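Each remark here refers to the structure printed beneath this line.
Laboratory data are not the source of any read-out in this text; all were calculated from the coordinates shown. Keep in mind the model is a prediction, meaning the values are calculated, not measured. For neighbour counting, all protein chains shown are included, and Cβ atoms are generated from backbone atoms with ideal geometry for every residue, glycine included.
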Amino acid sequence: MKIQHMFASIIRSVIILLLLSTIAIAQEKKKTINDTLIYKQKYGLRLGADISKLARSFIDDNYTGFEITGDYRLTKRIYIAGEIGNEERTLENDFMNTTTKGSYFKGGVDINFYKNWLDMENMIYSGFRIGASTFSSTLNNYTIYDPNNQYWEQQYYVEEGEEFKSLTALWAELQIGLKAELFNNFFAGVNIQLKFLISETEPDNYENLYIPGYNRTFDSSKFGGGFGFNLSYLVPIFKKDKIVIQEKEIEE
Amino acid sequence: MKRLFQKKYIIPFVLSLIVITTLQNCERDDICAATTSTTPRLVIEFYDIDNPESLKNVPRLTVYGEGQILNEDGQIIEPIEASDKIIEDYVNESSYVFNVNTNKIGLPLKIDDGLNNETITTRYILEKDTNQRIDATGESNTDILEITYKTEFVYVSRACGYKSIFTELSVTRDTDSEPWIANIEIEETIELTVENENTTHVRIYH
């Protein structure tokens with residue numbers, strides 16, 4: 001829920017900025033002339049890491065993972081973007097304890113919807129990805145679920161692990177997020193992810209409870225979710241001019 | 001004003017990050033619904049030996065596992081109403097199959113009999129005319145069922161984990177000078193496998 005507040009405050013600040021810019025134009029009637037401004041826009045490869053996965057690796061005993069993110073600016077608004085990562089996750093409940101580990105890759109595009117001010121290069125974007133994961137899943141132990149086990153007073157517990165190898169999954173993903181330049185070439189970003197599972201290899205007599213990159217699966221639907229918090233650095237490769245024609249007012 | 005993100009926004013960022021990470025740690029526990037088909041009991045129906053297609057109540061039946069009814073010293077005794085190892089009624093979980101007229105019972109099977117064999121044995125005592133023993137007006141008639149089978153563990157769901165089904169089922173009655181059970185038949189349709197409780201597995205004729 002906190003993340004919503006955060007988005008709200010960010011969006012609010014964006015709106016205030018936009019309002020301020022309109023107020024600046026709405027002044028006394030004066031003669032206007034066009035003024036052409038040219039800003040240099042940096043194009044290049046932005047590389048970063050998902051800090052939330054790193055932080056979680058430290059906090060959560062049942063999780064280790066990292067993700068490297070990258071995007072490359074193609075046009076004014078379109079970026080080619082991708083993530084590559086590795087995760088290990090242990091899930092446990094009353095009846096099962098399982099560990100899933102593996103790597104994933106996501107590739108796609110980001111489209112920036114934010115009209116930047118002056119020479120700024122912030123993003124409020126929507127992204128589309130295709131994700132693929134290869135992983136293995138180990139059933140560490142499990143208990144046979146028997147509602148009548150009170151009668152013979154036995155909880156049958158299977159301790160020997162079984163490993164399900166070379167599992168794969170493929171999914172499509174929608175992202176909404178923002179990236180902001182904190183200081184020169186250094187960006188911070190957040191995003192939320194909605195995932196739709198296209199295909200997966202089902203292990204025999206078991207199911208994929210967790211898929212690296214996709215996160216936990218749900219019994220009743222093929223949808224999943226996630227979020228990211230990235231810090232990234234832009235390696236500028238070339239610059240392009242951004243031409244802004246401004247109406248300027250001068251006193252007659 | 002050059003930058004959209006000033007210092008004051010970094011703190012909410014980090015805070016929300018921490019909140020989300022902690023929330024992820026306590027995911028909603030999925031609960032195994034009672035309606036889910038998990039490890040089944042062995043479902044037995046009692047039929048009339050003279051009219052094999054019609055159900056027939058066993059008068060004053062009491063059912064319990066062999067060696068399950070013990071006194072305080074750990075010795076095997078005959079059950080009384082307060083004994084806690086009488087099996088539950090098939091339909092009504094809060095009543096027990098003690099001294100009742102019934103034509104359907106469900107027997108919990110052992111998943112492990114401690115013998116480490118592939119084939120597992122569970123033995124049940126079926127006592128007819130329990131009232132005669134209790135009232136001391138006569139004798140009850142006890143027959144012992146021996147049920148043997150193999151177990152097979154089948155994945156159910158994230159919430160329930162695995163269940164056991166029972167294959168290669170065989171049900172026999174111990175030889176007895178005065179049996180009340182005339183014949184035992186395993187339903188052909190189940191193919192010797194106890195998979196769920198939706199169907200009757202065994203017919204006992206008496």
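Brief remarks follow.
- Divide the volume of the convex hull around the Cα atoms of chain A by the residue count and you get 156 Å³ per residue.
- Of the residues A:Leu74, A:Asn93, A:Phe218, the one whose Cα sits farthest toward the positive end of the charge dipole of segment A:41-245, with +1 on the Cβ of Lys and Arg and -1 on the Cβ of Asp and Glu, is A:Leu74.
- With respect to chain B, whose longest principal axis is taken over its alpha-carbon atoms, helix B:7-25 is tilted by about 10°.
- Within 10 Å of each Cβ in A:149-159, the average number of Cβ atoms from other chains: 5
- Max mean-square fluctuation residue, GNM over chain A, Cα-Cα springs under 10 Å, options A:Arg12, A:Arg77, A:Arg46: A:Arg12
- Each other residue within a Cβ distance under 12 Å of B:Thr38 adds +1 if Lys or Arg and -1 if Asp or Glu, for a net charge of -1.
- Based on alpha-carbon atoms, the Kirkwood radius and the radius of gyration of segment B:30-205 give Rg/Rh equal to 0.97.
- Based on C-alpha pairs under 8 angstrom that are at least 6 apart in sequence, chain A has a relative contact order of 24 percent.
- 3J(HN,Hα) couplings calculated from phi for segment B:151-163 with the Karplus curve 6.51 cos²θ - 1.76 cosθ + 1.60 (θ = phi - 60°) are, in sequence order, 9, 9, 8, 10, 5, 9, 6, 4, 7, 9, x, 10, 10 Hz; Gly and Pro show x.
- For chain A, the longest principal axis of the Cα atoms and the long axis of helix A:2-25 meet at an angle of about 10 degrees.
- A simple spin-label model places pseudo-atoms 7 Å from Cα toward Cβ; at A:Asp219 and B:Asp48 they are separated by 4.3 nm.
- Among A:Val158, A:Val109, A:Val235, residue whose mean-square fluctuation peaks in a GNM of chain A (springs only between Cα atoms under 10 Å): A:Val158
- Under the Debye formula (equal points on every Cα, no solvent term), log10 I(q)/I(0) of the protein assembly as shown at q = 0.10, 0.12 Å⁻¹: -0.83, -1.01
- A straight line joining the Cα centroids of segment B:122-173 and segment A:76-114 runs 50 Å.
- Shielding score for A:63-71, defined as the mean number of other chain Cβ atoms within 10 Å: 0
- Considering only trypsin sites (Lys or Arg not before Pro) in DSSP loops that have at most 11 other Cβ atoms within 10 Å, the longest stretch of chain B without any of them is B:29-206.
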